[in-house]
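Laboratory data are not the source of any read-out in this text; all were calculated from the coordinates shown. Since this is a predicted model, take the numbers as computed values, not measurements. Cβ placement follows ideal geometry from the backbone for every residue including glycine, while neighbour counts extend to all protein chains displayed.
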Amino acid sequence: MTIALLIVDIQNDYFPGGAMEVTGAEVAATQAATLLAAFRQHPYPIVHIQHVAARAGATFFLPNSAGARIHESVRPNAEETTFQKHFPNSFRETPLLEHLHGRGVTELVIAGMMTHMCIDTTTRAAFDLGFKCSLAHDACATRALSFNGVHVAAESVQTAFLAALNGLFAKVLSTRELCADL
């Protein structure tokens, strides 16, 4: 069994002043950086995912923009792999699955943004593809949503999506717990 760290979409547009600011981006990035530092002390694979907008009318993660760049707090080093994606699912139309299988990875630790979109979709896809998943709840961030005239605060969105993933799809743990398990 080999474990890998998957850092999804911790990009400049999600931070204050970015085109799609999420609540708690700085805290989540700090925790993701802690996970990254812990993984770098081991021979485990580390994969960064960068979303680049490909659909007409996109307003963030625009190609070659500063907002689409991976945030400096988790910037990949030369030994780490980065894949670009154009959909919420990090596996869709990317070489991620082949890359992980080629390294014998059977378990993923996942961190990133946005919890209700790309983290949820990627975690569920990873589970469906046979990976054992752990999700760092404090290394993820999301934003407020609304539906049918009802506003849902970011904290409630975060809690609901983490609760839905916890158990069947992933073991939802803190960064501290995940680092201690390495």
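Couple of notes before you dig in:
- Close amide-amide hydrogen proximity is noted between Thr82 and His48, each under 5 Å apart and 5 or more residues distant or on a separate chain (H modeled in the peptide plane; Pro and chain starts excluded).
- The range 171-182 - phi-based ³J(HN,Hα) in whole Hz, Karplus 6.51/-1.76/1.60, Gly and Pro as x: 9, 8, 9, 7, 4, 4, 5, 5, 5, 5, 6, 6
- Close amide H pairs (under 5 Å, H built 1.01 Å from N) link Thr142 with Thr23, Thr115, residues at least 5 positions away or on another chain.
- Between Ser65 and Glu177, the simple label model (points 7 Å from Cα in the Cβ direction) yields a spacing of 3.6 nm.
- Only Lys, Arg, Asp and Glu carry charge here, each on its Cβ (+1 for the first two, -1 for the last two); on that basis the chain has a dipole of about 200 debye about its Cα centre.
- Length-normalised contact order for the chain - Cα pairs under 8 Å, 6+ apart - percent: 26 percent
- Once Cα extents along the principal axes in Å is calculated for the structure shown, the corresponding label among (1) 46, 30, 24; (2) 39, 38, 31; (3) 46, 35, 28 turns out to be (3).
- For the chain, the 222 nm mean residue ellipticity estimated from helices alone, with every DSSP H stretch of n ≥ 4 adding -39500 (n - 2.57) and the total spread over all residues, rounds to -8500 deg cm²/dmol.
- DSSP loop trypsin sites (Lys or Arg not before Pro) with at most 14 other Cβ within 10 Å excluded, longest remaining stretch of the chain: 104-182
- Axial C-alpha extent at least 20 Å, average Kyte-Doolittle at least 0.0 - helices from the chain (DSSP): 25-40
- Distance from the range 131-173 to the range 11-66 (C-alpha centre basis), Å: 17 Å
- Modelled label reach - His42, point 7 Å along Cα→Cβ, the range 145-182 residues with backbone N closer than 17 Å: 171-182
- The chain - share of DSSP beta bridges that are antiparallel (%, nearest 5): 15 percent
- Applying 1/(1 + (r/R0)^6) with r as the Cβ-Cβ distance of Val150 and Glu107 and R0 = 30 angstrom yields a FRET efficiency of 0.20.
- Of the residues His137, Gln50, Phe87, the one whose Cα sits farthest towards the positive end of the charge dipole of the range 44-138 is Phe87 (charges of +1 on Lys and Arg Cβ, -1 on Asp and Glu Cβ, taken about the Cα centre).
- Across the range 29-102, C-alpha contacts under 8 Å between residues 6 or more apart give a mean separation that, scaled by the residue count, equals a relative contact order of 31 percent.
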